[in-house]
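The values are calculated or read from the model by the stated rules, or taken from the named source; none is laboratory data. As the structure is a prediction and not an experimental result, all values here were calculated from the model. Methodologically, a virtual Cβ is constructed for each residue, glycine included, from the backbone with ideal geometry; neighbour enumeration extends over all protein chains shown. Heavy atoms of the whole protein, side chains included, go into the accessibility calculation; ligands, DNA and RNA do not. Shrake-Rupley method; radii C 1.70, N 1.55, O 1.52, S 1.80 Å.
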Amino acid sequence: MLNRNLIGGEWIAAHAATVNSSPSDTSDIVGEYASADTQDVENAIEAAANAFPAWSRTTPEFRSDILDRAGNEIIARQDEIGRVLAREEGKTLPEAIGETVRAGRIFKYFAGEALRLEGERLDSVRSGIEVELIREPEGVIGIITPWNFPIAIPAWKIAPALAHGNTVVFKPAELVPGCAWIITDILARAGIPAGVFNLVMGKGSVVGDAIVKSNRVRAVSFTGSVATGRRIGIGCMERGKKVQLELGGKNPLIIAADADLDVAVNVAINGSYFSTGQRCTASSRLVVDDSIHDVFVERMVAAMSRLKVDNALKAGVDVGPVASSSQLAQDLAYIDLGRKEGAKLAFGGEPLQLDTEGYFLQPALFIETDNTMRINREEIFGPVASVIRVRDYEEAVAVANDTEFGLASGICTTSLKLTSDFKRRSQAGMVMVNVPTAGVDYHVPFGGRKASSYGAREQGKHAREFYTALKTVYIRP
Ligand code: UN1
């Protein structure tokens, strides 16, 4: 069954398969999953287009019930699904179970959103005319998701798309088909009509490309790298499609002179290294006030030496493996580059040989770095963070904002004055005070500025901006 995609309500066998193995233990095979060809994608898009008229006219309650059932099943099966997630992606079992519950909650939240869609009625500026603003589904939505949140990111795109009456062609990252297959199976059994939701697992260059190029796909939501995102964005623009891109980050975390150091170290360790640093919201630049620099670094190193790096399935592990050999190669290349740029490793940075054959890396902390170094400008997407020493708060804000990205930013401070100043001056889409830059709520908007994001916000009620089209109606009764 795993070697099948869901197309037009049928589980269709693919001509090719990809082997999904665990980054904690490459001999642990999660399964062999379907790899779609362009014909499969065409069929999925056609099924979605054909299913759209009827689905878009179902009642909000009908759609809400399906999403609610799916959310309940995901939560009920959290241990089992979390295990698949931990095996295929490499985040620790507690993190993976947490992400699974979050995905279930997202489905349930958007089950509610289906019922909360509203319009407006106004008087025209011309007499005798009424104006109505109504929101309608867009049509067929292409959803292309990354490997680092194999269930939460698909959930926060799929659930609002369906809640608002769109049909979906879903292409998960090749590295993590397991969770995508499970969500699809759950939705199919939750009563989603044939063709409304289609799964096409496979390569980006085949499946993603066909989705972007199809004239029948109205909108594409993508989370992933800047390079791929920009290609998708241009492809959508050329064809007049709506597009939403969630791309990279180089998120700063300021440790102000008056920070509570216990809080600061916890926030930095969580934001920089949990989920193996593989979050676009990770804190990769720790911008530290000169007056507390040495004690902060000392306490970071002590905390890092206590982090247990091992197989994601083992109890008590804090940091699982890097998700793939190519990601590990990229992390190591940046660690090498950091050294060449003159930064010093205060801790970690070496690959680890453990009991199982996996892609383990000791979390790395660079010191003596400055904000012009490539390690501080480019997204590494691994357990690698840099300390940037600054004279004072003013310099900290300047450094924090001096980046091409603008997803999340953070500050650790006990001062209301700095909190209130930083939340205004930060050029990021999300600002965190004494909480990690990574780890977000599902009922509020998610997204960034500058090169980090393009298009409407995701999550919360703002998700409707992308998943609905606004129509203005003038009526002379
Ligand atoms: C989170 O920090 O909880 O790909 C979510 C990413 C982001 C999601 C981060 N789009 O890492």
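Full extension of the segment from Asn401 to Asp294, taken as 0.36 nm per residue of separation minus the current Cα-Cα distance, would add 36.2 nm. Remark: relative contact order (the chain) = 18 percent; criterion is Cα-Cα distance under 8 angstrom and separation of 6 or more residues. Heavy-atom accessible area, probed at 1.4 angstrom with all protein chains present, ranks Lys417, Lys308 as Lys417, Lys308, highest first. Each label was represented as a point 7 Å from its Cα along the Cα-to-Cβ direction; for Ser124 and Glu350 these points are 7.7 nm apart. For the range 224-317, rounded, prolate or oblate, judged on the Cα gyration tensor with a ≥ b ≥ c (square roots of eigenvalues), a/c < 1.5 rounded, else prolate if a/b > b/c? Oblate shape, in that a/c is at least 1.5 and b/c is the bigger or equal ratio. Between Lys308 and Ala329, the distance separating the two model label sites (each 7 Å from Cα on the Cα→Cβ line) works out to 3.2 nm. One chain, two ends: Ser225 and Arg116. Fully extended at 0.36 nm per residue, the span grows by 36.0 nm beyond their Cα-Cα distance.
With only Cα atoms counted, the chain has Rg and Dmax values of 22.9, 78 Å.
Taking the Cβ-Cβ separation of Ile134 and Glu357 as r and a Förster radius of 45 Å, what is the calculated FRET efficiency to the nearest 0.05? Efficiency, rounded to the nearest 0.05: 0.20. Got a sec? Which residues in the range 172-210 would a label at Ala76 touch, if it sits 7 Å along Cα→Cβ and we count backbone N under 13 Å? Zone members listed by number: 186-187, 189-191.
Using alpha carbons only, the radius of gyration of the range 251-433 set against its Kirkwood radius gives Rg/Rh = 0.96. For the range 1-55, the Kirkwood radius over C-alpha pairs fed into Stokes-Einstein at 37 °C and 0.692 mPa s yields D = 261 µm² per second.
To the nearest 10, the accessible area of Ile380 is 10 Å² with a 1.4 Å probe. If you plug the beta carbon distance of Asp258 and Val301 into 1/(1 + (r/R0)^6) with R0 = 22 Å, you get a FRET efficiency near 0.50.
Answer rounded, prolate or oblate for the range 287-362, using the Cα gyration tensor with square roots of eigenvalues a ≥ b ≥ c: rounded when a/c is under 1.5, else prolate when a/b is larger than b/c, else oblate. Because a/c hits 1.5 or more and a/b fails to exceed b/c, the range 287-362 counts as oblate.
Phi-derived couplings, Karplus 6.51 cos²θ - 1.76 cosθ + 1.60 at θ = phi - 60°, listed residue by residue for the range 98-110: x, 5, 5, 4, 4, 4, x, 5, 4, 4, 6, 4, 6 Hz, with x used for Gly and Pro. If both residues of a DSSP beta bridge must be in the range 251-433, then about 20% of such bridges are antiparallel. Report the Cα centroid-to-centroid distance between the range 413-430 and the range 355-371 in angstrom, as an integer. A separation of 29 Å, based on Cα centres.
Once the other residues with Cβ under 13 Å from the Cβ of Ala16 are scored (Lys, Arg +1; Asp, Glu -1), what is the net sum? Result for the neighbourhood of Ala16: -2. Would you please state which residues of the range 328-358 a label at Arg374 would reach in this model, taking the label point 7 Å out along Cα→Cβ and a backbone N cut-off of under 18 Å? Under 18 Å, as judged by backbone N against the label point of Arg374, lie 328-345 of the range 328-358. Ranked by the mean number of other Cβ atoms within 10 Å of their residues, highest first, the peptides 137-147, 54-64, 77-87 come out as 137-147, 77-87, 54-64.
Over all other residues within a Cβ to Cβ distance under 15 Å of Arg57, the charged ones net out to -1, with Lys and Arg as +1 and Asp and Glu as -1. Give me the percent of DSSP beta bridges within the chain that run antiparallel, rounded to the nearest 5. DSSP beta bridges in the chain are roughly 45 percent antiparallel.
In straight-distance terms, cross-link reach from Lys203 covers every one of the aspartates and glutamates whose alpha-carbon lies under 15 Å from its own, apart from those fewer than eight places away in the same chain; here that gives Glu32, Asp37, Asp40, Glu42, Glu174. Other residues lying with their Cβ under 13 Å from the Cβ of Ala469 contribute a combined charge of +3, Lys and Arg counting +1, Asp and Glu -1. In this structure the amide hydrogen of Ala346, modeled in the peptide plane, comes within under 5 Å of the amide hydrogens of Leu365, Phe366, Ile367, none closer than 5 places in sequence on its chain. In terms of packing, defined here as the mean over residues of other Cβ atoms within 10 angstrom, the peptides 397-404, 469-476 line up highest first as 397-404, 469-476. Considering only Cα-Cα distances, which of the following residue pairs are longer than 26 Å: Lys157/Lys250; Lys91/Lys250; Lys108/Lys213? Result: Lys108/Lys213 exceed 26 Å.
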